[in-house]
Amino acid sequence: ETGVTQTPRHLVMGMTNKKSLKCEQHLGHNAMYWYKQSAKKPLELMFVYSLEERVENNSVPSRFSPECPNSSHLFLHLHTLQPEDSALYLCASSPRDSDHEQYFGPGTRLTVT
Amino acid sequence: GQSLEQPSEVTAVEGAIVQINCTYQTSGFYGLSWYQQHDGGAPTFLSYNALDGLEETGRFSSFLSRSDSYGYLLLQELQMKDSASYFCAVRSDTGGFKTIFGAGTRLFVKA
């Protein structure tokens, strides 16, 4: 595997479900990011981890819970989501001091029913 | 706060040149990045300008004017495969580096 991978690629979940999104980077980077991408809106930065420590939480609702067990892996745990949370969730990584050049995974298309 | 503005859509003809503008407002400005995203694909990094002037990478060039809080992405010899969304992103240092993305410009290349 190369680059940044994300699983699953597509996810449909009910509002009472609990699921997790997984991201893995094979680039030797030490910063990782979660973004939400909705149609016709800017990429919304959700969380930033640098050296496995959360350094940014952009007022994200607590129904989204990130986890970074090591510098190569990033999870986004989801529970009791709302239909407006349906979006493309993108993971990215970069060297810690080069956040201007981020490498993105293919994303998880999430639909909340 | 921080804000970026770029046109929502641009249409151009194959073989032509197109310029996608980006204006920004931010404190602690450090640099401007550009990303390309094809439908169904991931954003991919194109360029980064920290200093004023033009940076050229093949058919793509990126320009920055810090005094005007303005930059642009220039695409030359347009090809059909250049049809995609293009995002500018501002990197700022407000007690820690942070990159904020614009809403994106949808480029349609016609034959």
First in the range B:7-27 and touching a residue at least 24 places away in the same chain (Cβ under 8 Å), second anywhere and open to solvent by 60 Å² or more (accessible area, probe 1.4 Å) and in a strand (DSSP E or B), Cβ under 6 Å, 6 or more apart: B:THR11/B:PHE108; B:VAL13/B:LYS110; B:THR23/B:GLU5
Within the range A:60-109, tally of residues that are away from chain B (no Cβ under 14 Å), in contact with a His (Cβ under 8 Å, 6 or more places away or on another chain) and not in a loop (DSSP other than H, G, I, E, B): 4
Checklist (1) at pLDDT below 95; (2) surrounded by fewer than 18 Cβ atoms within 10 Å (Cβ to Cβ) applied to B:ALA42, failing item: (2)
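Somewhere in the range A:96-111, is a residue more than 14 Å from the chain's Cα centre (by Cα), modelled with pLDDT of 95 or more and closer than 19 Å to A:GLU44 by Cβ? Show your work before the answer.
Step one: of the range A:96-111, the residues more than 14 Å from the chain's Cα centre (by Cα) are A:96-101, A:111.
If we keep only those that are modelled with pLDDT of 95 or more as well, we get A:111.
Right, trim to closer than 19 Å to A:GLU44 by Cβ and you get A:111.
The answer is yes, given that some residue of the range A:96-111 is more than 14 Å from the chain's Cα centre (by Cα), modelled with pLDDT of 95 or more and closer than 19 Å to A:GLU44 by Cβ.
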Residues satisfying the stated conditions in the range B:57-99, i.e. open to solvent by 50 Å² or more (accessible area, probe 1.4 Å) and within 14 Å of another protein chain (Cβ to nearest Cβ): B:THR57, B:ASP93, B:THR94, B:GLY95, B:PHE97
Residue in the range A:44-61 that is open to solvent by less than 30 Å² (accessible area, probe 1.4 Å), aromatic (Phe, Trp, Tyr) and farther than 23 Å from B:GLN36 by Cα present: yes
The one condition in (1) assigned to a loop (DSSP other than H, G, I, E, B); (2) open to solvent by less than 20 Å² (accessible area, probe 1.4 Å) that A:TYR33 fails to fulfil: (1)
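The values are calculated or read from the model by the stated rules, or taken from the named source; none is laboratory data. Since the structure is predicted, the reported quantities are computational estimates derived from the model, not experimental observations. Reconstructed Cβ throughout: ideal geometry from the backbone, glycine too, with neighbour counts over all protein chains shown. Keep in mind that these areas ignore ligands, DNA and RNA; they rest on the heavy atoms of the full protein, side chains included. Shrake-Rupley method; radii C 1.70, N 1.55, O 1.52, S 1.80 Å.
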